[in-house]
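What follows is one structure encoded as structure tokens, with my remarks underneath.
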Amino acid sequence: MPSHVTPRSAQPPSRPPVGSSSEPGLDRRAELREFLRSRRARLRPEDVGLPSSGRRRVPGLRREELARLAGVSFAYYTRLEQGHGDTMSPEVLDAVARALRLSGDEHAHLFRLARPELHGKRHAVPQKQRLRPGVQQLLDALDGVPAYVCGRRLDVLGWNRLATTVFGDWSRLPPRERNLSRLVFLSPAARDRFTDPEARMLDIVSVLRVNAGTHPEDAELAALIGELAEQSNDFRRLWARHDVRRRGHGVQRLRHPVVGELTLAFEAMGLHGDTDQTLVVHHAEPGSTSRKALGLLKGLAAPPTESAS
């Protein structure tokens, strides 16, 4: 199936499903149902060695075909796709993951949705994440490369001077607006900094999917996803794809109002001891035009300001 085709079964409502009043956050069973259907819809019969003859009402494999590939009964797989993952053994989930050809991130996401108890005791999600002073000092010491730290809801918790010249001065925004997903989906100016905004938006959605599966009880994260779904057609379209991915490194290309196009590699590293906080550091190749541009921007960087309140 072409990557741009979204199966009807994966189309989301105006707001992603949320839990009951007694269980705030995303509806884990609904997320499991839609995730499995979307992964099944992207597989063609010929991809898995099955005949492709016959008309199909929807793209992808039928439930009975997937069940046969996984080596489980049709009724058993149907129960899983209805959201009853808590009754499934790890061996069955592994078999389904293999049949669906899930990536490593997708495999982990399936287990988080179906059997969250296998990931250890769950704790209440704190209402606000804060940056340790030592981490901010580290950011300030990285004065030759743009760097920032974001939390589980993609709130920007801290940054250095060069990051403000490359991505925009987050200190001028209210704390609520210092959020990568709100900036990319709700601020045309922030989105236009990226030469490939579609790729950037997909990266953001894929990370939110991972975090929502890890913390389905996080009511604030669910509210953020609902807000984005209500206000952004692009978010609704990409959220319906159910892509799950967290890139640890890669390349971003940006348009800067002063120095023009920048090509920056990035490394994203989890902070040990700071749950769900990620340090993102960008750098340019030695001798490149982008490296020279970063040197110019370093000279233009504003004095240090307090990152988060």
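The values are calculated or read from the model by the stated rules, or taken from the named source; none is laboratory data. What you are looking at is a predicted structure, and each value in this text was computed from that prediction instead of being measured. Don't worry about glycine lacking a Cβ; one is built from the backbone with ideal geometry, like all the others, and counts go over all protein chains shown. Accessible surface is based on the protein model in full, side chains and every heavy atom, while ligands, DNA and RNA are left aside. Shrake-Rupley method; radii C 1.70, N 1.55, O 1.52, S 1.80 Å.
Details
- Failed item in (1) surrounded by 20 or more Cβ atoms within 10 Å (Cβ to Cβ); (2) touching a strand residue (DSSP E or B) at 6+ places or on another chain (Cβ under 8 Å); (3) of a type in the set (D, E, K, R), with residue 261 passing the rest: (1)
- Qualifying residue in segment 2-9 (condition: touching a strand residue (DSSP E or B) at 6+ places or on another chain (Cβ under 7 Å), at pLDDT below 90 and either surrounded by fewer than 20 Cβ atoms within 10 Å (Cβ to Cβ) or of a type in the set (D, E, K, R) (or both)): no
- Qualifying positions in segment 48-69 - in contact with an Asp or Glu (Cβ under 9 Å, 6 or more places away or on another chain), surrounded by 12 or more Cβ atoms within 10 Å (Cβ to Cβ) and free of Cβ contacts under 8 Å to residues at least 40 places away in the same chain: 50, 61, 63, 66
- With respect to the stated conditions, residue 190 is more than 20 Å from residue 110 (Cβ to Cβ) and buried (at least 19 other Cβ atoms within 10 Å of the Cβ).
- Total residues in segment 10-42 satisfying the condition of being modelled with pLDDT of 85 or more and part of a loop (DSSP other than H, G, I, E, B): the figure is 1.
- Any hit, segment 274-281, residues being polar (S, T, N, Q), farther than 22 Å from residue 128 by Cβ and in a strand (DSSP E or B): no
- Filtered residues of segment 153-180 (kept if small (Gly, Ala, Ser) and part of a strand (DSSP E or B)): 158
- Hits in segment 161-187 - residues which are open to solvent by 10 Å² or more (accessible area, probe 1.4 Å) and free of Cβ contacts under 8 Å to residues at least 24 places away in the same chain: 172, 173, 174, 176, 177, 183, 187
- Search result, residues across segment 132-147 that are in a loop (DSSP other than H, G, I, E, B) and within 14 Å of residue 283 (Cα to Cα): 142, 143, 144, 145, 146
- Any hit, segment 227-239, residues being without any contact (Cβ under 8 Å) to a residue 60 or more places away in the chain and over 24 Å from residue 186 (Cα atoms): no
- Scanning segment 100-120 turns up no residue that is small (Gly, Ala, Ser), more than 23 Å from the chain's Cα centre (by Cα) and either exposed (fewer than 15 other Cβ atoms within 10 Å of the Cβ) or at pLDDT below 90 (or both).
- In segment 127-160, residue nearest to residue 185 (Cα to Cα) [restricted to those that are crowded, with 22+ Cβ neighbours inside 10 Å and among the basic types (Lys, Arg)]: 153
- Residue within segment 285-292 that is in a loop (DSSP other than H, G, I, E, B), free of Cβ contacts under 8 Å to residues at least 12 places away in the same chain and under 23 Å from residue 206 (Cα atoms) present: no
- Filter result (of a type in the set (S, T, N, Q) and open to solvent by 70 Å² or more (accessible area, probe 1.4 Å)) within segment 273-300: 275, 289
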